[in-house]
Amino acid sequence: MRDNIQVPYGYEPPAEASKGTLIYYDSFEDTTEEDLEAAAALKKQMGFRKLVLYPLHEATGKRMFDQPISPYYKREDRLHEWRREQADPTIVVEGLEGKRKKYTPFESAMRHLTETYPSPYFVYVTPEMANLLASYATFEEWIVKLRLILSEEPSAAQLHPRLQKFAHRWRVAEFDEI
């Protein structure tokens, strides 16, 4: 059943002030509360509709990093606790990896996120994670569909050649005040 809404002649709906999704893609192993607050401040500053925290499963972390990471549920619980403290309904902890309980490639994660959340997509990562993502064969396919925001300035010597090639698709986060 459809509800009819009456509006005055010439009514234009107000333009949405917020747009898109900021995806924080990380293991969240060594992430501090200050890092999470910086991401929330960036969401607010840039006018994103959602901040999606995407913690990696241990199986994904084992393939991506040299060192082991703590159990997924512990890192996820910490993120949920931080989200509750913020009392911001636009912050979401994505549970895809917890449901899968196995290695999830970056492209599968991004496919799920782009089908679930509103565009445009910005992925907030550390310089180390950006280099790691740039080393994947599917990086060039995905970098044209989203943009990267690095948490800090990378050294020129440590930049992956694909990151250098697509320098126009990423930038370093600039914070007004945190």
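Below, the figures for the structure above:
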{"item": "Every residue from region 145-168 that is under 20 Å from residue 52 (Cα atoms) and surrounded by fewer than 18 Cβ atoms within 10 Å (Cβ to Cβ)", "result": "145, 147, 152"}
{"item": "Count of residues meeting criterion [more than 17 Å from residue 120 (Cα to Cα) and in contact with an Asp or Glu (Cβ under 8 Å, 6 or more places away or on another chain)] in region 141-157", "result": "1"}
{"item": "Boolean, residue 113 is under 18 Å from the mean Cα position of the chain (by Cα), more than 17 Å from residue 48 (Cα to Cα) and in contact (Cβ under 8 Å) with a residue 24 or more places away in the chain", "result": "no"}
{"item": "In region 28-60, the residues that are part of a strand (DSSP E or B) and either over 18 Å from residue 148 (Cα atoms) or in contact with a Lys or Arg (Cβ under 9 Å, 6 or more places away or on another chain) (or both)", "result": "50, 51, 53, 55"}
{"item": "Test: residue 24 is closer than 22 Å to residue 130 by Cβ, crowded, with 20+ Cβ neighbours inside 10 Å, modelled with pLDDT of 90 or more and out of contact with any Ser or Thr (no Cβ under 9 Å at 6 or more places or on another chain)", "result": "no"}
{"item": "All positions within region 30-87 that are acidic (Asp, Glu) and either in contact with a strand residue (DSSP E or B) (Cβ under 8 Å, 6 or more places away or on another chain) or under 21 Å from residue 173 (Cα atoms) (or both)", "result": "30, 33, 34, 35, 37, 76"}
{"item": "Sole residue being touching a Gly at 6+ places or on another chain (Cβ under 9 Å) and buried (at least 18 other Cβ atoms within 10 Å of the Cβ), chosen from 72, 54", "result": "72"}
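The values are calculated or read from the model by the stated rules, or taken from the named source; none is laboratory data. Not measured: the values here are computed from a predicted model. Here the Cβ is made from the backbone with ideal geometry for all residues, glycine too, and neighbour counts use every protein chain on show.
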